[in-house]
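The structure under discussion appears below in the form of structure tokens.
Derivation of every value follows stated rules applied to the coordinates shown; laboratory data play no part. This structure is a prediction, so every number in the text was calculated from the model and none was measured. With ideal geometry, Cβ positions are generated from the backbone for all residues, glycine too; neighbour counts draw on all protein chains shown.
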Amino acid sequence: MRITCPCCGERGLDEFSYRGDATLSRPAGDPPLPGAGAEAWAEYVYLRDNPSGPHRELWYHGAGCRSWLVVTRNTRTHEILDTERAVNVVRATRKDAEA
Amino acid sequence: MSPFDAAPTQSPTPGPTPSGSRPRQPTQPFRLAEGGLIDRDTLVRFHFDGRDFTGHPGDTLASALLANGVRLVGRSFKYHRPRGILSAGPEEPNALVELRTGPRREPNTRATTIELFDGLEASSQNRFPSLRHDLLSINGLLSPILTAGFYYKTFMWPAAFWEKLYEPIIRRAAGLGRAADEADPDHYEKATAFCDVLVVGAGPAGLAAALTAGRAGARVILCEDDAQPGGRLLAEQLSLDGRPARDWVRDALAELGAMPEVRVMSRTTVFGTYDGGTYGALEHVTDHLAATAPHLPRQVLWRIVARRCVLAAGAIERPVVFPGNDRPGIMLAGAVRTYINRFGVAPGRKAVVFANNDDAMRTVADLAKAGIAVAAVVDSRAAPSATSRDAARDAGARLIAGGQVTRAIGGRALTAVRIRDAAGREDIVPCDLLAMSGGWNPNVHLTTHHGGRPEYIASLCAFVPSVLPPGMGVAGMAAGVAGTAAALADGSRAGAEAATACGFATSPLSMPSVPAEPSGIEPLWHTLSAFGGAAGKAFVDFQNDVTAKDIGLARQEGFRAVEHLKRYTTLGMATDQGKTANVNALAIMAELTGRTIPETGTTLIRPPVQPIAIGALAGPHRGGHFKPARLTPTHDWATELGATFTAAGLWQRAQWFARPGDAGWQETVNREVTAVRTAVGICDVTTLGKIDIQGPDAAAFLERVYANAWKKLPVGRARYGLMLREDGFVFDDGTTARLGDTQYVMTTTTANAGPVMQHLEFCHQWLWPDYDVRMISVTDQWAQIAVAGPKSRDVLRQIVDTAYDLSNDAFPYMAAAEITICGGQKARLFRLSFSGELAYEIAVPARFGDALVRRLMQSGAPFGITPYGTEALGVLRIEKGHPAGPELNGQTTAHDLGMGRLLSTRKDFVGRAMAQRPALTDPARPTLVGLRPVAPHDVLPAGAHLLPKGSPATAASDQGWVSSAAWSPSVGSWIGLGLLSNGPARHGEIVCAHDPLGGRVVEVEIVPPVFVDPTGERLHA
Ligand SMILES: [Zn+2]
């Protein structure tokens, strides 16, 4: 598999490591009273969908620029449809939420 | 003139034959007088099953054996049937031999692909005691129980018999060759190549594709499995533009060789299609040489990254299924032509040709031209084509139209075939060679590795690629395009398409003129009237000994789906992956179940296309090169002192420093521990992960990644930090020091240096991207040495520059500072203690680590300074009750480790929410305790289970375990740390440590985990 890192260009799979679903968002942390939001946390930490087709997921370019990436990968074909720096994805999402 | 009248061009192996010994072999009696791409002027000697033979450079082992009249070359897998040579290529299922001897012995190599070299040694396999007289062929008589599914049915009961009786017998009787007993002495490499266009196969289509793409300027890699590129152009009597086809090949190769961006790789098998245009290939660099050349690998495993690929892998001819179709002397029709035309070998003296197609009729002509008698041409088509009629007439052979070979006759060699004509009359025709063809199967393997299933084309009687992997095109016979002219044109088209897709301007190849090559075909899979097998075994899969009857049995028992058929009968599961078997099996199953072939389906073929030695996959990564070794800055110094080293991940760390006179390692470790407790010791702790964190928001960031509080840590102080995973369990721990307003240096455990770095980047880039903070690993940049013991301050005073006050008031426990030592050398000093003694860690740029340790030893000598290793480090931390790897095992919580109070309630941090789950703070969870055997000298085994005294040794009474244990010279007893249910509430209780592996039960007292200086006075001294 080949992944095109926005910083480093097209590189081999062995430079990257996989984390998982990039569509999850960490539940609000402040202030997490005991038991509050337990369901949201359990879902965030443990529950994963197993989608067939394009999937947005987090990868780490550990043997390159150390960027976390949001990679859109077709889980049926391993085709890489898009790669973005994770930090830009979060910032864009927050800007959208503010607007 | 018959070719057999020809005298050999060279004299045979010289030397008289000793009387009474084996007769002298006539030299290459089946070598034709002329023709073939062999060097007749050079003689190559080889050895097969203890007999000496000769051949020529350019021969394969198979062609040389045939030239010498050797046709029996092996015994079959299950029934020990005599087997010969079926093919002339890598698809060979029968002629499998053990190549070479000793540590280089390689089983199951195909005689058809082994290039002959001088001194080659090979032996037949799967026979006992000899190939001609194989006692185990009695398996053939046992065949009623060795049929399909026998593994599942016959040997299921009683289970105890399997290991002692059935398995050894089956393994002895059924099997393939023997692997070498010794380590492989050769070396293997791995390499990566990049190109625009990868062309797989250098037959007419592949050469045309490479020429077209190469001329356009594309970076081309052309891989050819064979030693000699050319494919069928080397094996056929064929002229291109009126010249022999091999001349066209030579010119094409010369042109490709002159192109700077084109690389032709012969002896290179592309074995797998992977994601993103990545292909696996194996290059046989020195397999064809008598001895591996110095400085050359035996094989190279290539990863080829190609923007486009043209698959021009050709096709494999199909056998026909009939009783006795495995007898030595029965050969694929195309292979017969290869032996005649490429190798100058007569595969027999009297031949019958049996086929359902026009292509095989070339064999009739080639046999006749080579002077081999053609007794009959059996064309299964009711209305034979003009091609058949002409071929038979020209060869002076009898044409049996609408006929079939219904049985092969002979034992260790074919002696005759039984033929049934269109009217049903049967006749027996003596012959020693049967050239058969059921048509050609395109080599679709590389197109199926992404899950694409090939499509059946009735007019071709074959499967062709349908859905292709991204970036791949198929050309020539691999795509079902038959004939040289069509293959050249198709190859050029595919090469142009590939190069165009890479942005190159292409122009079509000018096509040589090629005589017409008829390729008409009508389906024929078998000549059986029933599948009961009364007429004898009709083989579908030669290598795995699967017969037509087995397929009938599979149908009967309900294994009709192709994948079930495969697993039930083992069809296609041998090392040849059923290359000559699968389509026939499918056609027979289709017939048996009344379905069409497309309805019956196909199995998926997985990489590798050809067997690959484990050595090639391992490459150079074996023994000491299996993984990289990381050495600490004091490694040379420790080596000089005779330290014993231990692996900590990739690191090599000094385990202890034995001195002459030490009775054993335990005495050494005791001495090292005592030195730290009473004087001073030094230990390299460079391997701990070090991360430099800087930025205005560094403190805020630490608040998020650590469970405890950081905001109030002043400059010049360090603090213990506990890091959780988001699921609330402990991830890592370490100390982080604040060196400046916006600069921190974090330490991690040795094992988690990489994972913590990755985690911090995740937190920063994904969870909290607004923090203005940056971080970098500095583990390799700083050498760090622990100086521990009551005299550590005295030693440091000798090297720290006088401007720096080391008194307890000025530099108390947990102080941190950037200082200078030895007259101006920059260093960092931390007052940290893992041992519980007055202790420091001093860091210098890594290049000064060696100098620092030597200076410390020198300055510390008057104070009794003693180097200590990881073993003493472990004892010291157990004595002090510090959790380490065995306690931070990914399943423990802060509460379990007695650190629940560290969890801040005033901030958000990774793991906070989940750590609050009631189950994670349940006091009944196994929680950290100290353990002390009731008898101090009772060995306390780490890993032992903790059970209440007197309770049965069952999982139900298991309450925890011993996580770490050591002999403590400071306490004068074995001590340990453990995790025990309700642990802290049970101090004083006696429990049992059960070690079922060691067969020991030790009574231990539950105590607080800190054995030495529980009030911490020494730390603050
Ligand atoms: Zn990168």
Q | Residues of type lysines that residue B:627 reaches as a straight line, Cα spacing below 23 Å, ignoring anything fewer than 8 places off in the same chain | A | B:190, B:690
Q.
Neighbour counts of other C-beta atoms within 10 Å: give me B:1020, B:937 arranged from fewest to most.
A. B:937, B:1020
(Q) Placing +1 on the Cβ of each Lys and Arg and -1 on the Cβ of each Asp and Glu in the protein assembly as shown, which of A:59, B:502, B:213 has its Cα farthest towards the positive end of the resulting dipole? (A) B:213
Q. Can you pull out the chymotrypsin sites (Phe, Trp or Tyr not before Pro) in segment B:566-657 that DSSP calls coil and that have at most 14 other Cβ atoms within 10 Å?
A. B:626
Q: Output the relative contact order of segment B:937-1021, whole-number percent, from Cα pairs under 8 angstrom with separation of 6+ residues.
A: 28
Q | Cα gyration tensor shape for the protein assembly as shown, rounded if a/c is under 1.5, else prolate or oblate | A | prolate
Q | Folded to 0 to 90 degrees: helix B:386-395 orientation relative to chain B principal axis, Cα | A | 70
Q.
Calculate the FRET efficiency for residue B:650 and residue A:19 from the Cβ-Cβ distance with a Förster distance of 30 Å, rounded to the nearest 0.05.
A. 0.85
Q. By average Cβ neighbour count within 10 Å, what is the ranking of B:779-788, B:200-209, B:859-868 from highest down?
A. B:200-209, B:779-788, B:859-868
Q.
Tell me whether segment B:322-414 comes out rounded, prolate or oblate; compute the Cα gyration tensor, take square roots of the eigenvalues as a ≥ b ≥ c, and use a/c under 1.5 as the rounded threshold.
A. oblate
Q.
Give me the percent relative contact order of chain A, please, defined on Cα pairs under 8 angstrom at least 6 residues apart.
A. 26
Q. What does the average come to when, for each residue of peptide B:362-371, you count the partner chain Cβ atoms lying within 10 Å of its Cβ?
A. 0
Q. Per-residue mean of other chain beta-carbon atoms within 10 angstrom of the beta-carbon, peptide A:61-70?
A. 3
Q. Toward the positive end of the charge dipole of chain B, about the Cα centre and with charges on Cβ (Lys, Arg +1; Asp, Glu -1), which of B:87, B:903, B:193 goes farthest?
A. B:87
Q) Roughly how tilted is helix B:870-880, in degrees to the nearest 10 and between 0 and 90, from the longest Cα axis of chain B? A) 50
Q) List the trypsin sites (Lys or Arg not before Pro) in segment B:321-350 that DSSP assigns to loop (not H, G, I, E or B) and whose Cβ has at most 11 other Cβ atoms within 10 Å. Which are they? A) none
Q | Gyration tensor (alpha-carbon) shape descriptor, segment B:527-595, a/c threshold 1.5 | A | oblate
Q | Table column - 3J(HN,Hα) (Hz), segment B:267-273, Karplus curve with 6.51, -1.76, 1.60, x for Gly and Pro | A | 6, 10, 9, 7, 10, x, 9
(Q) Give me, ordered by chain and number, the residues 5 or more places off residue B:804 or on other chains with an amide H under 5 Å from its own placed amide H. (A) none
Q. When Cβ neighbours within 10 Å are restricted to other protein chains, what is their mean count per residue of peptide B:757-766?
A. 5
Q. For chain B, what relative contact order do you get, as a whole percent, if you take Cα pairs closer than 8 Å and at least 6 residues apart?
A. 9
**Q.** Potential extension, residue B:516-residue B:924 segment - 0.36 nm per residue separation minus Cα distance
**A.** 138.2 nm
Q) With axes computed from alpha carbons, what is the tilt in degrees of helix B:849-860 against the longest principal axis of chain B, rounded to the nearest 10 within 0 to 90? A) 30
Q: With +1 on each Lys and Arg Cβ and -1 on each Asp and Glu Cβ, and nothing else charged, work out how big the dipole of the protein assembly as shown is about its Cα centre, in Debye to the nearest 20.
A: 1380
**Q.** Positive minus negative residues near residue B:621 (Lys, Arg vs Asp, Glu; Cβ under 10 Å)
**A.** +3
Q. Non-local amide H neighbours of residue B:314 (under 5 Å, H modeled in plane, Pro and chain starts lacking H): which ones?
A. B:443, B:477, B:478
Q: Check the straight Cα-Cα distances from residue B:537 and name the aspartates and glutamates below 12 Å, setting aside those fewer than 8 residues away within the same chain.
A: B:326, B:545, B:550
